[in-house]
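Visitor: The structure under discussion is supplied below as structure tokens; questions concerning it will follow.
Read-outs: derived from the displayed coordinates by stated rules, not from any lab. Just so we're clear, the structure is a prediction, and the values are computed from it rather than from any experiment. Methodologically, a virtual Cβ is constructed for each residue, glycine included, from the backbone with ideal geometry; neighbour enumeration extends over all protein chains shown.
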Amino acid sequence: MFTSEIEIPVPWGTIACKTWGNEKNCKILLVPGIGDNVESFSGLISLLPQWFFYVAVDLPGHGKSSHFPQNVIFNMWDYIITIRLIIRFLKEDQIILLGHSFGGSLVTIYTQLYPNQISKLILIESSYFYPIEIKHLPLRFDELIEGASELLTRMSTSAPKSFTYNEGLNTMNNTRMHGHVRKESAKKLYERNIIEISDGNYQSRIDPRIKYVPYVFIKTPSQISILKKYPIVCATLSIVAINSKFPSEERKLVATMEKMTRNCVTKFVNGNHNVHSNSPQVIAPLISNFLIHKCHL
């Protein structure tokens with residue numbers, strides 16, 4: 001498939017996207033998780049039907065996209081607004097959304113907000129709102145506020161750290177939250193997230209503030225009530241990795257959401273949280289069949 005890079009103008013800069021296929025075809029917007037970029041989907045897209053136009057996104061503060069404005073902490077809704085701006089730019093009456101992990105949260109909520117715009121929804125190891133008990137809120141907010149305050153102070157007084165190519169690659173591999181990424185995929189992700197500042201020295205393109213993105217904290221019963229009031233009405237495919245280290249509370253919530261979604265089918269596959277990058281050949285047939293056929297798999 002023909003591949004190109006595009007930049008979508010937004011009020012704070014540009015959103016970098018990588019596209020595959022003919023732009024006249026039906027569009028599929030692919031949204032990665034926190035810390036990832038468009039390259040998390042490159043192996044998968046090469047195995048999918050060629051008669052779609054695939055648009056993978058570097059979320060703000062990732063890859064080649066502009067960071068959100070400095071000196072503040074942004075949140076989940078800023079990312080949803082970003083998706084809204086991207087879809088407006090693409091000028092599609094209806095679009096297919098695909099999201100992984102945090103990207104799955106974003107596209108799920110967007111689908112609830114704009115149900116008439118989304119023809120199909122594909123979720124890979126997806127989450128939703130962050131489930132939390134009220135008694136745990138003070139500690140969680142304290143961690144976020146203190147961590148974010150220290151980071152903003154440090155960013156205003158210190159220059160970004162530099163590192164060698166291998167140092168940065170090892171750090172990325174060792175700090176991933178929910179499982180490893182195989183060597184070939186990790187290298188592609190890593191190289192899009194760094195910039196060379198001098199011979200052999202690099203800096204990260206990733207905005208360090210993403211570590212403190214405040215999720216929307218809502219108790220599980222309240223989330224279920226939201227899903228009942230604003231159900232997902234389009235055909236939905238949810239892919240769940242059997243060996244994933246994804247938090248069990250979020251896993252249970254997503255399973256409940258899938259049961260409540262009338263047109264949803266769930267497929268369990270071998271692999272970890274990053275199965276779409278590590279083993280795209282495992283999930284590509286499932287996604288291809290879902291894209292081609294209107295009926296359930």
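Visitor: With Kirkwood's inverse mean 1/r over C-alpha pairs for Rh, give me the Rg to Rh ratio of the stretch 23-165, two decimals please.
Guide: Values: Rg = 17.4 Å, Rh = 17.1 Å.
Rg divided by Rh gives 1.02.
Visitor: List the equivalent ellipsoid semi-axes of the stretch 1-103 in whole Å, largest first, each obtained as the square root of 5λ for an eigenvalue λ of the Cα gyration tensor. Could you put the intermediate results ahead of the total?
Guide: Details: eigenvalues 103, 40, 29 Å².
So the three semi-axes of the stretch 1-103 are 23, 14, 12 Å.
Visitor: Can I ask one more? Collect residues whose amide H, placed 1.01 Å from N in the peptide plane, falls under 5 Å from the amide H of residue 122; neighbours closer than 5 in sequence don't count.
Guide: Here the answer is 97, 98, 99, 237, since their amide H atoms fall under 5 Å of that of residue 122.
Visitor: To continue, here is another question. Over 29 Å between Cα atoms, which of 211/245; 91/245; 183/245; 188/245 qualify? Spell out each step's value before the answer.
Guide: Numbers: 211/245 19 Å; 91/245 37 Å; 183/245 19 Å; 188/245 23 Å.
The answer is 91/245.
Visitor: Sticking with this one: If packing is taken as the average count of other Cβ atoms within 10 Å, what order do 106-117, 6-17, 52-63, 230-241 fall into, highest mean first?
Guide: Numbers: 106-117: 18.8, 6-17: 16.6, 52-63: 24.3, 230-241: 20.4.
Highest mean packing first, the order is 52-63, 230-241, 106-117, 6-17.
Visitor: If I require 24 Å or longer along the helix axis, counting alpha carbons, and a Kyte-Doolittle average no lower than -0.5, what helices from the chain are left? Use full DSSP H segments. Intermediate values should be presented prior to the final figure.
Guide: Numbers: long enough: 137-157 (30 Å, 0.10).
Membrane-span-like by this criterion, though nothing is claimed about a membrane: 137-157.
Visitor: Further question: Can you tell me what percent of all Cα-Cα pairs in the chain are more than 31 Å apart? Walk me through the numbers before you get to the answer.
Guide: Numbers: 11507 of 43956 pairs.
Considering the chain, 26 percent of its Cα-Cα pairs are separated by more than 31 Å.
Visitor: Which percentage, to the nearest 5, of the DSSP beta bridges contained in the chain is antiparallel? Intermediate results must be reported in sequence, preceding the final value.
Guide: Details: 17 of 45 bridges.
Counting only bridges with both partners in the chain, antiparallel ones make up about 40 percent.
Visitor: Another question, if that's okay. Could you tell me, in Å, what Rg and Dmax come out for the Cα atoms of the stretch 109-234?
Guide: Rg, Dmax (Cα atoms, Å): 19.2, 56.
Visitor: Continuing with the same structure: Restricting to Cα pairs below 8 Å that are 6+ residues apart, what does the relative contact order work out to for the stretch 169-233? Please round to a whole percent.
Guide: On the way: 22 pairs, mean separation 11.0, N = 65.
Averaging sequence separation for qualifying contacts and normalising by length gives 17 percent for the stretch 169-233.
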